[in-house]
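The values are calculated or read from the model by the stated rules, or taken from the named source; none is laboratory data. These figures come from a predicted structure and were not determined experimentally. Reconstructed Cβ throughout: ideal geometry from the backbone, glycine too, with neighbour counts over all protein chains shown. For accessibility, only protein heavy atoms count, side chains too; no ligands or nucleic acids. Shrake-Rupley method; radii C 1.70, N 1.55, O 1.52, S 1.80 Å.
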Amino acid sequence: MLSRAAGARILPRILLTLLAAAVIAWIAYKGRQDGTVFWIVTLNGITLAALYFVVAAGFTLIFGLMRVVNMAHGSLYLLAGWIAFTLQQNWYGVSSNLLSGTPANLKFWIIPLAVATVAIGIAGLLMQQVFLRWNQGQDLRQALITIAISVILADQMTAHFGGIAQSIGQPAEWPDSVIFFGIRYGFFRLVIVVGAAIAIGALLFLVIKRTRFGMIIRAGVDDRAMVSAVGVNIQLVFAGAFFIGALLAGFAGVLGGTMIAVQPGLDSAFLLNSLIVVIIGGMGSLGGAAIGSVALGMVTAYSDVYMKFGTLDLTPYAILVTFLLVVAMLAVRPLGLFGRPA
C-alpha cells in the first residue's frame with residue numbers, strides 16, 4: 001500500500017500523463033484533417049524552438065552554470081537586432097535596395113551580424129565587470145541591478161530606434177523557400193536558424209564537456225574557492241563565460257530580427273522564454289535547454305492554431321498554455337528535467 005507522501009508524488013505525474021495523451025490525440029486528430037497545415041505548424045514550432053535555444057543557451061551559460069541572475073539578457077537580444085537593422089540601413093541602404101529590386105550580396109547581412117554580435121558580447125562583458133562581479137552570489141542584488149539595466153535599455157532603444165516593428169533584410173542570394181517533404185517553407189527559418197541552433201548546441205557541448213575551459217566553469221560553479229586555491233583565475237574564466245553568453249544573445253537577436261522582427265517588447269518576451277526553457281530543462285543543462293526549447297516552441301506553435309473546438313476559438317488565450325507547461329513541470333520535477341541542486 002502506497003504511503004500518503006508517495007501517492008502525493010505519483011498523482012501529479014498520472015494527471016500530467018493523461019493530459020499529455022489527450023493533447024497528443026487532439027493534435028493528431030487535427031493533423032489528419034489538414035496535413036499541409038499540420039506540417040507547416042510543426043515546422044513553425046521547430047524553427048521557433050531553434051531560435052529559443054540560441055537565446056536560452058546563452059542564458060543557461062550565465063544563469064544556469066554561473067548562477068548569475070542576468071535579467072537584462074532579453075535587452076541584449078533586442079539591442080543586437082536594432083544594431084544590425086541600423087547598420088543595414090546606414091551602410092548598405094537595404095530599404096532602398098529592396099524597394100528598387102537591386103540585388104544585395106551576402107555581406108550586407110553577415111557584416112551587421114558580426115558587428116552586432118561582437119558589440120553585444122563586449123557590452124555584456126562590461127556589464128558583468130562593472131555591475132555584477134562585485135555582487136557574486138548575491139542573487140537578489142544581481143536581479144535588481146540587471147532589471148534596472150533592462151528598463152534603461154528598453155527606454156533608450158524606444159527613444160533612439162522608435163516603436164515601429166522593423167525587419168532585418170536577408171540576402172537576395174538566398175532562396176525565399178525550400179521544399180521539405182513536399183511542403184514549401186521559408187529557407188531562412190528552416191536552413192539558417194535551425195542549422196545555427198544545431199551548430200551552436202554541438203559547439204557548446206564540446207566546449208563545456210570536452211575542454212579545460214568548460215571543466216573550470218563547472219568546477220568553479222560548485223566550489224569557486226577550491227578552484228581559486230589551485231591557481232586558476234576564476235574571475236577571468238567567468239568573464240569569458242559571460243562574454244560567450246552575451247555573444248549568443250546578440251547572435252540570436254540578429255537571427256530573430258531577420259526571422260520575426262525587431263520591436264519594443266521582444267526583450268521581455270525572450271527573457272521570459274529563456275526562463276521557461278531553463279525551468280523545463282533544469283539549471284545548467286545544455287541538453288535540458290534543447291528539450292525545453294523544443295517543448296516551448298511546439299506548444300507555442302500548436303496552441304496558436306489548434307485551440308479551436310467547434311465554434312469556440314481559444315487561440316487568443318494560447319499564452320496560458322505556456323504557463324500551464326511551466327506549472328506542470330514545477331509540479332512534477334521542480335528542478336527541471338536535468339536540473340540538480342545548486
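Computed quantities for the displayed model
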| quantity | calculated |
| --- | --- |
| Residue match in the stretch 18-35 (condition: in a helix (DSSP H, G or I), of a type in the set (A, V, I, L, M), modelled with pLDDT of 85 or more and in contact with a Phe, Trp or Tyr (Cβ under 7 Å, 6 or more places away or on another chain)) | no |
| Residue count for the stretch 308-342, restricted to those that are open to solvent by 30 Å² or more (accessible area, probe 1.4 Å), at negative phi and not in a helix (DSSP H, G or I) | 14 |
| Search result, residues across the stretch 275-307 that are assigned to a helix (DSSP H, G or I), closer than 15 Å to GLY201 by Cα and small (Gly, Ala, Ser) | GLY281, GLY287, GLY288, ALA289, ALA290, GLY292, SER293 |
| Candidate set: the stretch 124-137, residues that are over 15 Å from MET71 (Cβ atoms) and part of a helix (DSSP H, G or I); chosen: the one farthest from the chain's Cα centre (by Cα) | TRP134 |
| Any hit, the stretch 169-182, residues being open to solvent by less than 60 Å² (accessible area, probe 1.4 Å) and either under 15 Å from GLN263 (Cα atoms) or part of a helix (DSSP H, G or I) (or both) | yes |
| Check on PHE242, among the aromatic types (Phe, Trp, Tyr) and in contact with a helix residue (DSSP H, G or I) (Cβ under 6 Å, 6 or more places away or on another chain) | yes |
| Residue within the stretch 44-67 that is farther than 22 Å from LEU337 by Cβ and open to solvent by 10 Å² or more (accessible area, probe 1.4 Å) present | yes |
| Count - residues of the stretch 187-221 that are β-branched (Val, Ile, Thr), assigned to a helix (DSSP H, G or I) and surrounded by fewer than 15 Cβ atoms within 10 Å (Cβ to Cβ) | 1 |
| Long-range neighbours under 9 Å by Cβ, at least six apart or interchain, first residue in contact (Cβ under 8 Å) with a residue 60 or more places away in the chain within the stretch 309-328, second in a helix (DSSP H, G or I) and open to solvent by 50 Å² or more (accessible area, probe 1.4 Å) | ALA328/LEU15; ALA328/LEU16; ALA328/LEU19 |
| Condition broken by SER285, with the remaining ones in (1) polar (S, T, N, Q); (2) in contact with a Ser or Thr (Cβ under 9 Å, 6 or more places away or on another chain); (3) under 30 Å from VAL37 (Cα atoms); (4) crowded, with 21+ Cβ neighbours inside 10 Å satisfied | (3) |
| All positions within the stretch 222-269 that are assigned to a helix (DSSP H, G or I), closer than 23 Å to MET71 by Cβ, open to solvent by 10 Å² or more (accessible area, probe 1.4 Å) and at pLDDT 90 or above | PHE243, ILE244, LEU247, LEU248, PHE251, LEU266, ASP267, SER268, ALA269 |
| Where a residue in the stretch 146-169 is free of Cβ contacts under 8 Å to residues at least 12 places away in the same chain and its partner, wherever it lies, is open to solvent by less than 70 Å² (accessible area, probe 1.4 Å), with Cβ under 6 Å and at least six apart | none |
| ILE152, sole failed condition from (1) of a type outside the set (Phe, Trp, Tyr); (2) part of a helix (DSSP H, G or I); (3) open to solvent by less than 20 Å² (accessible area, probe 1.4 Å) | (3) |
